[in-house]
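Q: Just passing along the structure, written as structure tokens.
Read-outs throughout are calculated quantities, based only on the coordinates presented, and are distinct from any laboratory measurement. What you see is a predicted model; the values in this text were computed from it and never measured. Neighbour counts run over all protein chains shown; Cβ positions are idealised from the backbone, glycine included.
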Amino acid sequence: MSGVINALIRDALTVAVSGHVRPDGDCVGACLGLWNYLRKTMPQVRVDVYLGTYASSFSFMNGEKRILHEPSDETYDLFISLDAAAQDRLDVFEPMFERAGRRIVIDHHETNRGYGEENLIEGGASSTCELLYTLMDERQIDRDCARCLYLGIVHDTGVFKYPSTTLRTMTIAGRLLEKMDKGDAQFIIDETFYMRSFAQNKAIGLALESSYLELDGKLIIAAVTKPQQEALGLSPQDLDGVIDQLRITKGTEAAAFLYALEDDDYKVSLRSQHISVSGIAASHGGGGHEHAAGFGMKGPWQESAKIITAEIKELIDAWTES
């Protein structure tokens, strides 16, 4: 399937690229990976990347300073949505998607039903960056593009630990390694995945202090309110590592982390070992993967936690009985 991306662009001269709200490593990596690839293979095409706020550790990627953070009134020939499971996940950039001449969706979320004229969706892929690699001409992937794609694969596989990691995932990661400089992989893994700022450490400590067990220890829940964030000077990005810390609690099957975007407006992150939590996220207007998903809930977090607990219980009971 090499070069599929170039064929999809066809006669477009202006291309907008964007991804989901609160972009993670896979989202930012895919957007900038595509930007670097098209900049090399189709220099006659103007490509603009639009994304919301993301972790400062991603700033090492080539083209990062060219990312636009506010929507434009321009009507692009083509809009490519990357790593966004539903159209409304494009957030403030959704109107740009709607008025573009053509719309393409490239994604790996199982809950994505396709909302473009052309949809390249592979729910079994570990990441959108892995899928994107299969659509590119491998010979045209340079170091700048490879570093972006490697970042996305690292983040969405939890450094190759999640069940979505396959032989193809590892093969592609190895081929990307060959295109990068010595030390690039270690830098990406250490600086963007494992490294924690002092604020992030405080956030993890705060969440762990608030955490509690439900369902006979099979579910761990933690929450951080808006006043708590403000008291410690935390941003939403400082809370990124909390759910992964909760996920590795011994004896648990699932983890839920709720943090306030505004008062009584919470983002919920779910992780699981065996049960599929993507359905829960989809039922609340969110999305994600079988073992990692997220969505929003309004109201006191304690009430939301009760709802989540009941939904997780149903899944655990069904899995236990099967």
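Q: Rounding to the nearest 10 and keeping the result within 0 to 90°, find how far the Cα-based axis of helix 167-179 lies from the longest principal axis of the chain.
A: Approximately 50 degrees, to the nearest 10.
Q: Could you tell me how many degrees, from 0 to 90 and to the nearest 10, lie between the Cα long axis of helix 198-210 and the main elongation axis, the longest principal axis, of the Cα atoms of the chain?
A: For helix 198-210, the angle is close to 40 degrees.
Q: Also, quick follow-up: How large is the charge dipole for the chain, taken about the Cα centre, if only the Cβ atoms of Lys, Arg (+1) and Asp, Glu (-1) carry charge, to the nearest 20 debye?
A: Here the size comes out at about 740 debye.
Q: GNM on the chain, C-alpha springs below 10 Å: top fluctuator among 285, 183, 114?
A: In the Gaussian network model the winner is 183.
Q: Taking the chain as a Gaussian network, where each spring joins two C-alpha atoms under 10 Å apart, which residue of 246, 215, 151 fluctuates the most?
A: In the Gaussian network model the winner is 215.
Q: Here's another thing I want to ask about it. Between residue 143 and residue 118, 0.36 nm times their residue separation minus their Cα-Cα distance comes to what?
A: Full-extension gain reported as 6.2 nm.
Q: Now for a different question. By per-residue mean of other Cβ atoms within 10 Å, what is the highest-first order of 165-177, 260-272, 74-86?
A: Ranking, from highest mean packing down: 74-86, 260-272, 165-177.
Q: Taking all pairs of distinct Cα atoms, average 1/r, flip it, and tell me the Kirkwood hydrodynamic radius of the range 198-321 in Å to one decimal place.
A: Answer for the range 198-321: a Kirkwood hydrodynamic radius of 14.3 Å.
Q: Turning to a different aspect of this structure: Taking a cut-off of 19 Å between Cα atoms, list the lysines near residue 313, but don't count ones fewer than 8 places away on the same chain.
A: By straight Cα distance, residue 313 reaches 218, 250.
Q: Next up: Only Cα pairs under 8 Å and at least 6 apart count here; give the relative contact order of the range 4-194 as a rounded whole percent.
A: 23 percent
Q: Now a separate question. Can you tell me the relative contact order of the chain? Whole percent, Cα pairs under 8 Å, sequence separation 6 or more.
A: Worked out over the chain, it gives 13 percent.
Q: A follow-up question, please. Have a look at 198, 60, 257 and tell me which one the Gaussian network model of the chain (Cα, springs below 10 Å) gives the largest fluctuation.
A: With Cα springs under 10 Å in the chain, the top fluctuation among 198, 60, 257 is at 198.
Q: Ranking 250, 161, 179 by Cβ neighbours within 10 Å, fewest first, what do you get?
A: Fewest-to-most ranking of 250, 161, 179: 250, 161, 179.
Q: May I ask you to list the lysines whose Cα is less than 18 Å away from that of residue 179, ignoring any residue fewer than eight positions away on the same chain?
A: 40
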